[in-house]
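Reviewing the structure listed below.
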Amino acid sequence: MRGGWSVAALLLAGCASSAPPAEPFLRTTPWGGPETGAGKIQHVVYIIQENRSFDNLFAGYPGADTASTGRISNGKSIPLQPVSLADTYDIDHSAQAMFTACRGKGKLPGTDCRMDGFNLEKAYFWPPSVRFGEYVYVPHRESKPYFDMAREWVLGDRMFTSQLDESFVAHQYAVAAQAGRAVNLPFTFWGCGGDRADVVSTITRRRNPNGDPERPCFDYQTLGDELDAAHLTWRFYTSKYGSPSSGSGSSWSGYQAVKHVYYGPDWKKVVTPQKRFLTDVPAGKLADFTWITPICVNSDHVNCGGGFGPSWVAALVNTIGESKFWKTTAIFAQWDDWGGLYDHVAPPYEDYDGLGFRVPLLVISPYAKAHYVSHAQYETASVLRFAEDLFDLKQLAAADARAASPAADCFDFHQQPRPFVAIKAPKGRDFFLHQAEDHRIPDVE
């Protein structure tokens, strides 16, 4: 494991979970303007999966910008090869790896990318039949539930990560649209529960990722704080990781690195395990805004194996679609970073800490356009921007201030709400309700 991080370090800080707060009422008073979904959308669900580039997961999707070959650093092109979601291997996807894969021509690292240096990333243990573990795609028989969701609703093929690097920073952008100046991974504990030796590197304005370290425990405002102030509800569904016998450990939640949440009363809104979502929704419990992260085997991460990610996301979507909340909900499913996997589209430069490589975005709602590929530019903070515009909240940081909301291009709020179409998948809701806990972290990188 890179950076000296270990599950044992996570055991330094337990995290308590309590019963979810009382169910929010259905609203009849709109928040923002009609083009934001106000008066139609009352619930936002943000599903965060792990570590897949767009070309890797949606290779060959009709109407989307995908590649079947990839360029390597000697100028040649090689075919992308199929590798199962169940195969396990490892690829570096730090900020340094991003700069390497980009092979940029700009004055700053990671800008004006050639997109032909992925073979220079550090990668380990990929299947022996594959020449380069970075230049692969998921076989279509395995990605079919994702393809089916895209065909029924919306697939975004210009979704970039707000951050340059990997999951720790990605999950800060998912809750706060910023990560301070943090880059890459904390050296040990991923949040506020460690000791003074626990630090994370920072990135400078010149994109040097070796800036002075700081503690990975921040006190900036988050979307949760804004929702609290507006008397709106939120929950973050996740799992604890650590000892399966003691039930101790820490949560795979960006809020663990937000001081006033981790040590305050809002920590009870971090709900474990995440499969409680599958029973809460049928029981009539859905917050105004919900985050959901997976356990390792359901995450799509190349380190995890399992291969259950498409079924897991389908189970979440079907649970909402078959509930009373379908007509008032917008669902976003996003992969938090590229995981070191090849993508041919160069990311735009927006600021010293972004944008990162392209990842998939699914937009699912009775008001989402049908069988539509959105080519509008989005980033991680676009999901927060959608919620801010919907609920008439202010922007938190530079990323959500610049980010486009998917409301304009992905939705048609003038149409009648479309009936739900269930997504078929190899594993269903009952499988996940009885699935054994996976006490590994979904992403050790």
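Brief remarks on what is shown
- The set of residues from the stretch 283-304 being at positive phi and either surrounded by fewer than 21 Cβ atoms within 10 Å (Cβ to Cβ) or of a type in the set (Phe, Trp, Tyr) (or both) comprises just one member, Gly284.
- Just one of the listed residues (Ala9, Ala59, Ala13) is modelled with pLDDT of 95 or more and open to solvent by less than 50 Å² (accessible area, probe 1.4 Å), and it is Ala59.
- The single condition from (1) open to solvent by 50 Å² or more (accessible area, probe 1.4 Å); (2) more than 29 Å from Gly104 (Cβ to Cβ) that Gln377 fails is (2).
- Residue among Ser162, Ser143 that is surrounded by 24 or more Cβ atoms within 10 Å (Cβ to Cβ), among the polar types (S, T, N, Q) and out of contact with any Gly (no Cβ under 8 Å at 6 or more places or on another chain): Ser143
- Scanning the stretch 305-338 for residues that are touching an Asp or Glu at 6+ places or on another chain (Cβ under 7 Å) and buried (at least 23 other Cβ atoms within 10 Å of the Cβ) yields Gly309, Pro310, Trp335, Asp336, Asp337.
- Lone unmet requirement of (1) touching a Gly at 6+ places or on another chain (Cβ under 6 Å); (2) modelled with pLDDT under 90; (3) open to solvent by 40 Å² or more (accessible area, probe 1.4 Å) for Pro34: (1)
- Residue selected from the stretch 339-356 under the condition open to solvent by less than 10 Å² (accessible area, probe 1.4 Å) and over 25 Å from Asn298 (Cβ atoms), by the criterion modelled with the lowest pLDDT: Gly354
- From the options His439, His434, residue that is open to solvent by 10 Å² or more (accessible area, probe 1.4 Å), free of Cβ contacts under 8 Å to residues at least 40 places away in the same chain and more than 25 Å from His231 (Cβ to Cβ): His434
- Residue within the stretch 231-247 that is modelled with pLDDT of 95 or more, touching a strand residue (DSSP E or B) at 6+ places or on another chain (Cβ under 8 Å) and part of a loop (DSSP other than H, G, I, E, B) present: yes
Residue-by-condition table, conditions (1) of a type outside the set (Phe, Trp, Tyr); (2) under 21 Å from the mean Cα position of the chain (by Cα); (3) open to solvent by 50 Å² or more (accessible area, probe 1.4 Å):
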site: Gly70; (1), (2), (3): yes, no, no
site: Gln81; (1), (2), (3): yes, no, yes
site: Gly104; (1), (2), (3): yes, no, no
site: Arg114; (1), (2), (3): yes, no, yes
site: Tyr135; (1), (2), (3): no, no, no
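- Ala86 meets all of the listed conditions (1) within 27 Å of Ala174 (Cα to Cα); (2) in contact with a Pro (Cβ under 8 Å, 6 or more places away or on another chain); (3) part of a loop (DSSP other than H, G, I, E, B) but one, namely (2).
- Single residue of the stretch 116-133 satisfying the filter (under 15 Å from Gln96 (Cβ atoms) and open to solvent by less than 30 Å² (accessible area, probe 1.4 Å)) that is modelled with the lowest pLDDT: Ala123
- Test result for Pro406, under 30 Å from Asp228 (Cα atoms) and touching a strand residue (DSSP E or B) at 6+ places or on another chain (Cβ under 6 Å): yes
- Residue in the stretch 89-135 that is farthest from Arg205 (Cα to Cα), counting only those that are of a type in the set (A, V, I, L, M) and in a loop (DSSP other than H, G, I, E, B): Val130
- Scan of the stretch 170-224 for residues that are open to solvent by less than 40 Å² (accessible area, probe 1.4 Å), closer than 28 Å to Glu388 by Cβ and without any contact (Cβ under 8 Å) to a residue 40 or more places away in the chain, ordered by number: Ala182, Val200, Thr202
- Residue list for the stretch 357-402, restricted to those being assigned to a loop (DSSP other than H, G, I, E, B) and under 16 Å from the mean Cα position of the chain (by Cα): Phe357, Thr380
The values are calculated or read from the model by the stated rules, or taken from the named source; none is laboratory data. Please read these numbers as outputs of a predicted model, since none were measured by experiment. Cβ sites come from the backbone with ideal geometry, for glycine too, and all protein chains shown count toward neighbours. What goes into the accessible areas is simple: the full protein's heavy atoms, side chains included, and nothing from ligands, DNA or RNA. Shrake-Rupley method; radii C 1.70, N 1.55, O 1.52, S 1.80 Å.
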